[in-house]
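Inspection log for the structure reproduced underneath, given as structure tokens.
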Amino acid sequence: MYDVIIIGAGTAGLTAAIYAARANKKVIVLEGKTYGGQIITTFNIENYPATPHISGVDFAKQLYAQAVELGAEVEFEEVLAVKKIEGAEESSRLMFEVETEDDKYEAPAVILATGSEDKRLGLKNEEEFTGRGVSYCATCDGAIYKGEEVAVVGGGNTALYDTLYLSDVAKKVYLIHRRDEFRGDPALVDKIKKHDNVEFVMDTQVTEIKGEKKLESIELTNKNGEKKELKVSALFVAIGRTPATAAFANLVELDDGGYIVADESCLTSTPGIFAAGDVRTKSLRQLVTATADGAVAGNAAAELS
Amino acid sequence: MSVIELNSENFENEVLKSSEPVLVDFWADWCGPCQMMSPIVEELAKDAKYFKVGEVNIDDEDILAEKYEVSSIPCFIAFKDGREIGRSVGAQSKKKLIKLLGMEA
């Protein structure tokens with residue numbers, strides 16, 4: 001049995017592990033992929049206080065090493081379900097069971113720090129073409145398309161950053177957005193306008209992905225319903241992120257967007273269950289707010305056991 | 001065993017003609033998730049008993065990357081008896097990689 005179970009080994013989860021481990025608690029972190037979370041795809045972090053330049057990978061590696069050194073255990077297993085153990089309250093103690101693909105773990109406190117994942121366009125062959133021309137990470141895959149024509153779809157800062165990044169690599173970048181103006185930072189839009197090889201395609205949606213074995217073209221449909229085919233080697237999808245909370249829908253209250261409802265105390269609607277990091281309802285999703293949540297949740301969870 | 005450095009010269013012998021299944025990691029040094037995966041891939045190679053683990057640097061070996069249509073990395077392809085039996089893109093656990101080879105983790 002553990003004192004604290006943390007689901008997700010991203011920035012919030014590992015920070016929670018540090019705080020709970022330093023409170024002398026027996027802590028396990030469960031992660032379905034690799035540790036580090038979303039930050040590992042960021043080339044250079046420039047807004048983390050007192051750390052003017054660090055790569056996302058270095059940040060994640062140091063954070064992981066710190067948590068492990070303090071005694072937190074980490075298991076790479078996907079979590080399937082979390083449930084309250086009935087009857088445990090009678091001994092005046094809450095207890096939860098976390099079931100993974102391989103094992104079961106018990107603790108009186110569980111921190112949900114599962115973050116979010118890339119939103120899909122929802123096109124019929126999108127899955128099949130992922131890794132064959134459709135990508136959700138421009139800084140990961142952009143360099144593969146050196147000198148080729150590519151498209152970015154989205155209207156927020158991620159789409160704008162991706163376009164800027166790709167304009168230095170690809171021959172031409174089409175930036176496709178379903179509205180007539182961007183949600184992202186106007187300063188970024190101005191920067192992009194200085195790049196001759198970027199073409200803005202506004203009021204337009206991607207409606208089909210075409211190709212034999214890999215992506216060859218995409219079908220665009222504008223607001224008047226007019227269709228057009230665009231030949232590109234890659235489509236970078238940057239239409240936002242969606243919280244990874246499907247497994248917890250019956251456990252804690254979620255908002256309309258699927259985020260876990262909790263204020264700065266990280267307390268969810270279920271006593272004993274905490275939410276930390278991007279998965280929680282909040283106005284700013286950044287490294288520094290993820291570490292802050294990790295500290296609050298780790299500390300509160302440690303007090304429960 | 002350590003991770004085998006694969007290139008267009010040794011790929012046929014080490015992978016396609018291998019008597020054991022082979023897990024191939026297509027990567028590049030500028031890719032964050034690839035860097036996160038490299039210790040996992042090394043560990044997998046070290047503990048491997050019934051399969052081999054190799055890696056292809058897609059910048060040096062663009063012909064191999066093109067041949068296997070790798071356009072998102074890290075990309076893991078499992079080969080058995082000279083053909084692809086599984087493929088998975090992105091950072092993932094060691095257990096998932098072993099399952100890709102059709103084995104029990």
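Read the figures in this text as sums done on the coordinates, not as results from a lab. Treat the numbers as computed from the prediction; the structure is a model and nothing was measured. Heads up, the Cβs are rebuilt from the backbone with ideal geometry, glycines too, and the neighbour counts pull from every protein chain shown.
Please average, across the residues of B:30-43, the number of beta carbons from any other chain that are within 10 Å of each residue's own beta carbon, and give a whole number.
Whole-number average of other-chain Cβ neighbours for B:30-43 is 5.
With a length cut of 24 Å (Cα positions projected on each helix's long axis) and a Kyte-Doolittle mean of at least 0.0, go through chain A and give me the DSSP H helices that pass. Don't skip to the end; give the middle numbers.
Details: long enough: A:287-304 (26 Å, 0.88).
The answer, listed by residue number, is A:287-304.
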Original post:
So, in Å, what gap is there between the alpha-carbon centers of the stretch A:262-305 and the stretch B:15-83?
Top reply: 37 Å
**OP:** Could you work out how far apart the two model spin labels at residue A:247 and residue B:103 are, taking each label as a point 7 Å from the Cα in the direction of the beta carbon, and quote it in nm?
**Re:** 2.5 nm
Original post:
Once Lys and Arg get +1 and Asp and Glu get -1 on their Cβ, which of A:123, A:189, A:20 lies farthest toward the positive end of the dipole of chain A?
Top reply: A:189
Original post:
Quick one: Cα convex hull volume of the stretch A:100-212, Å³ per residue?
Top reply: 159 Å³
Original post:
If you put +1 on each Lys and Arg Cβ and -1 on each Asp and Glu Cβ, how big is the dipole of the stretch B:1-75 around its Cα centre, in Debye rounded to 20?
Top reply: 380 debye
Subject >> Within the stretch A:223-254: backbone nitrogen closer than 14 Å to the residue A:203 label point (7 Å, Cα to C-beta) >> reply: A:223-227
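Compute the convex hull volume of the Cα atoms of the stretch B:15-69, divide it by the residue count, and report the result per residue in Å³ as a whole number. Walk me through the numbers before you get to the answer.
On the way: hull volume 4.4 nm³, N = 55.
Each residue corresponds to 79 Å³ of Cα convex hull volume.
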**OP:** In whole angstrom, note down how far apart the Cα centers of the stretch A:199-244 and the stretch A:53-113 are.
**Re:** 39 Å
Subject >> Cα→Cβ-extended label distance, 7 Å offset, between residue A:219 and residue A:288, nm >> reply: 4.7 nm
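Can you sort A:260, A:39, B:85 so the residue with the fewest Cβ neighbours within 10 Å comes first?
On the way: A:260 27, A:39 22, B:85 13.
So the residues, fewest neighbours to most, are B:85, A:39, A:260.
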**OP:** Sort B:68, A:145 so the one with the fewest other Cβ atoms within 10 Å of its own Cβ comes first.
**Re:** B:68, A:145
Subject >> Net +/- balance of residues flanking residue A:240 in space, Cβ distance below 10 Å, scoring K and R +1, D and E -1 >> reply: +2
Original post:
Of the listed peptides A:218-225, A:291-298, what is their order by residue-averaged count of other C-beta atoms within 10 Å, with the highest listed first?
Top reply: A:291-298, A:218-225
**OP:** Apply the Debye scattering formula to chain B, with a single equal point scatterer on each alpha-carbon and no solvent, then give log10 I(q)/I(0) at q = 0.10 Å⁻¹.
**Re:** -0.22
Original post:
Would you list A:255, A:3, A:141 from fewest to most Cβ contacts within 10 Å?
Top reply: A:255, A:3, A:141
Original post:
Between residue B:81 and residue A:99, how many nm apart are label points set 7 Å from Cα along the C-beta direction?
Top reply: 3.6 nm
Subject >> Backbone N under 17 Å from the residue B:67 label point (7 Å along Cα→Cβ), restricted to the stretch B:1-35 >> reply: B:4-19, B:22-27
Subject >> Proximal lysines relative to residue A:26, as straight alpha-carbon distance under 22 Å, when same-chain residues fewer than 8 apart are discounted >> reply: A:61, A:83, A:84, A:104
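Note the direction-averaged projected area, equal to a quarter of the hull surface, for the Cα convex hull of the stretch A:223-305, in nm².
Numbers: hull surface 35.1 nm².
Averaged projected area of the stretch A:223-305's Cα convex hull equals 8.8 nm².
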Original post:
Any idea what % of Cα-Cα pairs in the stretch A:35-137 are farther than 22 Å?
Top reply: 57 percent
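Stokes-Einstein at 37 °C, 0.692 mPa s, Kirkwood radius from Cα pairs: D for the stretch A:173-294 in µm² s⁻¹? Display every interim value, and only then the final one.
On the way: Rh = 17.7 Å.
In µm²/s, the coefficient rounds to 185.
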Original post:
Just in the stretch B:14-105: which trypsin sites (Lys or Arg not before Pro) are loop by DSSP and have at most 16 other Cβ atoms within 10 Å?
Top reply: B:17, B:49
Original post:
R0 = 22 Å: FRET efficiency of residue A:256 with residue A:83, Cβ-based, nearest 0.05?
Top reply: 0.35
**OP:** Give me the lysines in straight-line cross-link reach of residue A:228: C-alpha distance below 28 Å, same-chain residues under 8 apart excluded.
**Re:** A:119, A:124, A:146, A:171, A:172, A:191, A:193, A:194, A:210, A:213, A:214
**OP:** Take the protein assembly as shown, drop everything but the C-alpha atoms, weight them equally and run the Debye formula without solvent; then report log10 I(q)/I(0) at 0.14 Å⁻¹ to two decimals.
**Re:** -1.29
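Rounding to the nearest 20 debye, state how big the charge dipole of chain A is about its Cα centre with +1 on each Lys and Arg Cβ and -1 on each Asp and Glu Cβ. Write down the numbers at each step before the final one.
Working: 33 positive and 49 negative charges, 183 e Å.
Here chain A has a charge dipole of around 880 debye.
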